[in-house]
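Visitor: Could you have a look at this structure, given as structure tokens, before my questions?
What follows is calculated from the coordinates using simple rules that are stated; it is not laboratory data. The shown structure was predicted, so the numbers you read here are calculated from the model rather than taken from an experiment. Cβ sites come from the backbone with ideal geometry, for glycine too, and all protein chains shown count toward neighbours.
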Amino acid sequence: MRVAAALSEHPLATQAVGEVVGQVLEELGTPPDLAVLVVSRAHGGAMEDIARVVRRVVNPRVLMGSVAAGVLGGAQ
């Protein structure tokens, strides 16, 4: 089973999703069966747009998404 995780701290949702999608695609190489998308409240208003980009570019069979009060990842 291959797993990839990515985190962006960019304040603009469009830039953040681009960074994360790029990192995940680089690690996986092929579309995953499942993608779990967690965004902070700061990007919560853009969740539909972010999910649309992830579906189109990453192309997972299943996409689960959530907005959280805080997001941990990487060295955090």
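Visitor: If I model a spin label at V67 and V38 as a point 7 Å from the Cα along the Cα→Cβ vector, what separation in nanometres do I get?
Guide: Going from the V67 label point to the V38 one covers 1.7 nm.
Visitor: With a cap of 11 neighbouring Cβ atoms within 10 Å, and only residues DSSP puts in a loop, list the trypsin sites (Lys or Arg not before Pro) found in the stretch 2-71.
Guide: R2, R61
Visitor: For the chain, find the longest principal axis of its Cα atoms and tell me its angle to the long axis of helix 47-58, 0 to 90°, nearest 10.
Guide: Taking Cα atoms only, the helix is inclined about 20 degrees.
Visitor: Could you give the semi-axes, largest first, of the ellipsoid that matches the chain, computed as the square roots of 5 times the alpha carbon gyration tensor eigenvalues and rounded to whole Å?
Guide: Whole-Å semi-axes of the equivalent ellipsoid: 18, 14, 12.
Visitor: Turning to a different aspect of this structure: Contact order normalised by length for the chain, with contacts defined as Cα pairs under 8 Å and 6 or more residues apart; what percent is it?
Guide: Reported relative contact order: 36 percent.
Visitor: I'd like the orientation of helix 13-28 relative to the chain: the angle between its Cα long axis and the longest Cα principal axis, in ° from 0 to 90, rounded to 10.
Guide: So the helix axis and the longest Cα principal axis differ by about 30 degrees.
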